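Below is one structure, written out as structure tokens, with a few remarks after it.
The values are calculated or read from the model by the stated rules, or taken from the named source; none is laboratory data. Not measured: the values here are computed from a predicted model. Every residue, glycine as well, gets a Cβ built from its backbone with ideal geometry; the counts of neighbours run over all protein chains shown. Accessible surface is based on the protein model in full, side chains and every heavy atom, while ligands, DNA and RNA are left aside. Shrake-Rupley method; radii C 1.70, N 1.55, O 1.52, S 1.80 Å.
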Amino acid sequence: WIVAPSTGSALTYKTISSKIQSQIGCSKKIKPISVNDDVIFANMTAETLVATKYSYATDGYETLDLSVLSQDIFRGNEITSLAYKQHPDSILVATLADGTFTTLTYMKEHEVVAWSHHELAGGLKARYCCADGSVTNGTTDVYILAEDESGVGTRQFYLLRVKDDSNL
């Protein structure tokens, strides 16, 4: 929704005007990520990623379903976390409920939307991903918290760094 005064005056309960922008809801569990001028978020079921951006030409928000060409990755597999690796490539990392993770190379200016699905070896399951937000040696680091499910009675966790080529 966009909420603004209906006239040139200040916004009050008497001058309020609202306009719906989209019927796509956002997941309450996963924080949206800003990528250049876009906001990327998981939909309400956390099975689709959506990019949205305000357009002055249409005076509204334009949306793009980023998962439309990769439904096999997300169907019945909820997104559990998102992280963005800005440098040197524009890569979005998402952990999934089944313990796998996926990477999205997203360069809107070149019309590049490419998905890759990854499974960790040795009984490791990807549980959560995050970016540290800093740039070290020309790269932004993204980490995946992985749980080792191969052990009996003990839980072991590992912190894995996503490298520049989208591999661990």
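From the list THR7, THR15, THR52, which residue is among the hydroxyl-bearing types (Ser, Thr, Tyr), farther than 25 Å from SER90 by Cβ and touching a strand residue (DSSP E or B) at 6+ places or on another chain (Cβ under 7 Å)? So that I can check it myself, show each step before the final result.
Working: THR7 fails: touching a strand residue (DSSP E or B) at 6+ places or on another chain (Cβ under 7 Å); THR52 fails: farther than 25 Å from SER90 by Cβ.
From the options THR7, THR15, THR52, the qualifying one is THR15.
With respect to the numbered conditions (1) surrounded by fewer than 20 Cβ atoms within 10 Å (Cβ to Cβ); (2) in contact (Cβ under 8 Å) with a residue 60 or more places away in the chain; (3) touching a Leu at 6+ places or on another chain (Cβ under 7 Å), which one is the sole condition not fulfilled by TYR106?
(1)
Every residue, every condition in (1) part of a strand (DSSP E or B); (2) buried (at least 19 other Cβ atoms within 10 Å of the Cβ); (3) modelled with pLDDT under 85, yes or no:
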| position | (1), (2), (3) |
| --- | --- |
| TYR84 | yes, yes, no |
| HIS87 | no, no, yes |
| LEU92 | yes, yes, no |
| GLY99 | no, no, no |
| THR102 | yes, yes, no |
| SER116 | yes, no, no |
| TYR128 | yes, no, no |
| VAL142 | yes, yes, no |
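For TYR13, are the conditions met, namely being among the aromatic types (Phe, Trp, Tyr) and either assigned to a loop (DSSP other than H, G, I, E, B) or at pLDDT 85 or above (or both)?
Considered against the rule, which asks whether it is among the aromatic types (Phe, Trp, Tyr) and either assigned to a loop (DSSP other than H, G, I, E, B) or at pLDDT 85 or above (or both), TYR13 comes out as yes.
Modelled with pLDDT of 85 or more and either within 24 Å of LEU69 (Cα to Cα) or open to solvent by 60 Å² or more (accessible area, probe 1.4 Å) (or both): is that true of LYS29 in this structure? It would help to see each step written out before you state the result.
On the way: modelled with pLDDT of 85 or more: yes; either within 24 Å of LEU69 (Cα to Cα) or open to solvent by 60 Å² or more (accessible area, probe 1.4 Å) (or both): yes.
Judged against the criteria, LYS29 is a match.
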